[in-house]
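Remarks on the structure that follows.
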Amino acid sequence: MSKISKLDQNLIIKKVDKETINIQITDNIILMSIVGEFDKNLKELEKLTKTNIFFRGNSITCKGKEENLNDFSNAIKFLVDKYILTNLIEKSDITLSVKKNMKLTESNVKSFKQLIQTPRKSVIARSEKQSEYIKALKENDVVISLGPAGTGKSFLAVSVAVTLLMEKKIDRVILSRPAVEAGEKLGFLPGDMKEKVDPYLRPLYDALYELFGSDKIDKKIEAGEIEIAPLAFMRGRTLKNCFAILDEAQNATETQIKMFLTRIGENSKLVVNGDPSQIDLINKSQSGLVNTKNILKDLKEIKIIEFDHNDVVRHPLVSKIISAYQKKNINDKS
């Protein structure tokens, strides 16, 4: 029996009256994971769905407007599915569960192969666009993704890359980015090359440590299986049997991105990630990310994924901030 099909066995939803529903979760482990310590998850759902929630035994009663009741019941369905798939409910899942049309289905799992198992946690797509992105990372040799912060571009790429490394399907993971906003001038910084660029690669390290643990990752770095390679030092190389990620590509020129992409060799995958709205170059017109997307968009072998504020999976306020800035930019141009 598939995991998703177990939903009906663990969840009973009954409409008591127009403004009340009763939900019973028969599996106590799932129930307590959804309720959270000191009922904190239910309290957050109560606030997000604008309902009144009462919890007793294995029964959750929810009172509110019909639309809000639907939001709550859909959220509970999502959370039960999430636990069945990953054996984990995270804080971010509570906010995510209230998103409109957010569902985990058997067809999604099969078609997108969303679930990424890592030693420390299971990673699952949190939007249809993330599902498409994971599928692209697994099936395409070159992926270019554009979009705002918090959409999972780097995190998911690192998840897939190191999983392939652990499964010995590749020999190396290479993490690269433009190390300094205006030209990658690293010589004046103290230390060896790794120490010079580590601060710029901190977000990638954070993802690695969260997914696989610092001890395991540090050993992989020492063994050369995970390599830190500033974009300026990629020239002239041929990348074989590896997964290379160019992060913060909005701060790379068109020529630099072309150089990176043409490093691809046998049994390799290249990923270019960036946010066109956060260009740090002194001359913003030098950013090559959007031009690269337009130049390569007709190549069937290259998959281009474009995220927007609806795909943000950080704090819900992040999506609102991004949306507000986008509206301002539109108004400024008009």
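Once you sort the root eigenvalues of the Cα gyration tensor of the range 113-308 as a ≥ b ≥ c, which label holds: rounded (a/c under 1.5), prolate (a/b larger than b/c) or oblate (the other case)? It comes out rounded by the Cα gyration axes. Phi angles across the range 243-256 convert, under the Karplus curve 6.51 cos²θ - 1.76 cosθ + 1.60 with θ = phi - 60°, into 3J(HN,Hα) values of 10, 10, 10, 9, 9, 6, 5, 5, 9, 10, 7, 4, 5, 5 Hz, Gly and Pro given as x. Put in line by how crowded their Cβ is, counting other Cβ atoms within 10 Å and starting with the fewest, 15, 153 read 15, 153. Put simply, the amide H of residue 122, placed in the peptide plane, has no neighbours under 5 Å, leaving out anything fewer than 5 places away on its chain. Using +1 at the Cβ of each Lys and Arg and -1 at the Cβ of each Asp and Glu in the range 4-97, identify which of 89, 79, 57 lies farthest towards the dipole's positive end. The residue sitting most towards the positive pole is 57. Given Cβ point charges of +1 (Lys, Arg) and -1 (Asp, Glu) and nothing else, what value in debye, to the nearest 20, does the dipole of the range 4-97 about its Cα centre take? Here the size comes out at about 160 debye. Which residues' amide hydrogens lie under 5 Å from the amide hydrogen of residue 171, considering only partners 5 or more residues apart or on another chain, with H built in the peptide plane? Sorted by chain and number, the residues that satisfy this are 242. For the range 144-175 and the range 13-37, write down the distance between their C-alpha centroids in whole Å. Centre-to-centre distance over Cα atoms comes out at 36 Å. Among the GluC sites (Glu not before Pro) found in the range 31-93, those both in a DSSP coil and sparsely packed, with 16 or fewer other Cβ atoms within 10 Å of their Cβ, are 90. Each of residue 321 and residue 88 was given a label point 7 Å from its Cα along the Cα-to-Cβ line. The distance between the two points is 2.5 nm. Phi angles across the range 130-141 convert, under the Karplus curve 6.51 cos²θ - 1.76 cosθ + 1.60 with θ = phi - 60°, into 3J(HN,Hα) values of 5, 4, 4, 5, 4, 4, 5, 4, 7, 10, 10, 7 Hz, Gly and Pro given as x.
Checking the Cα-Cα distances for 168/269; 284/320; 129/258; 135/303 against a 18 Å cut-off, the pairs over it are 284/320; 129/258. Set the Förster distance to 41 Å, then compute FRET efficiency between residue 282 and residue 167 from the Cβ-Cβ distance, nearest 0.05. Taking R0 as 41 Å, the efficiency between residue 282 and residue 167 is 0.45. Pair-distance distribution P(r) for the range 4-97, from all Cα-Cα distances in 5 Å bins starting at 0: 3, 15, 29, 27, 19, 7, 1 percent. Within the range 78-96, name every residue whose backbone N is under 13 Å away from a label modeled 7 Å from Cα of residue 37 along the Cβ vector. Residues 91 qualify, since their backbone N sits under 13 Å from the label point. Calculated FRET efficiency, residue 223 to residue 298, Cβ-Cβ distance, R0 = 45 Å: about 0.70 to the nearest 0.05.
Within straight cross-link reach of residue 169, meaning Cα distance under 15 Å, which aspartates and glutamates are found once same-chain residues fewer than 8 apart are removed? Straight-line reach from residue 169, under 15 Å: 139, 141, 225, 266. Sorting 307, 72, 54 from the fewest to the most surrounding beta carbons within 10 angstrom yields 54, 307, 72.
Phi angles across the range 293-310 convert, under the Karplus curve 6.51 cos²θ - 1.76 cosθ + 1.60 with θ = phi - 60°, into 3J(HN,Hα) values of 4, 5, 5, 9, 4, 8, 7, 5, 6, 9, 9, 10, 10, 10, 8, 9, 4, 5 Hz, Gly and Pro given as x.
Here, each number is a calculation from the coordinates, and none is a lab measurement. These numbers come from a predicted model, not from an experiment. Cβ sites come from the backbone with ideal geometry, for glycine too, and all protein chains shown count toward neighbours.
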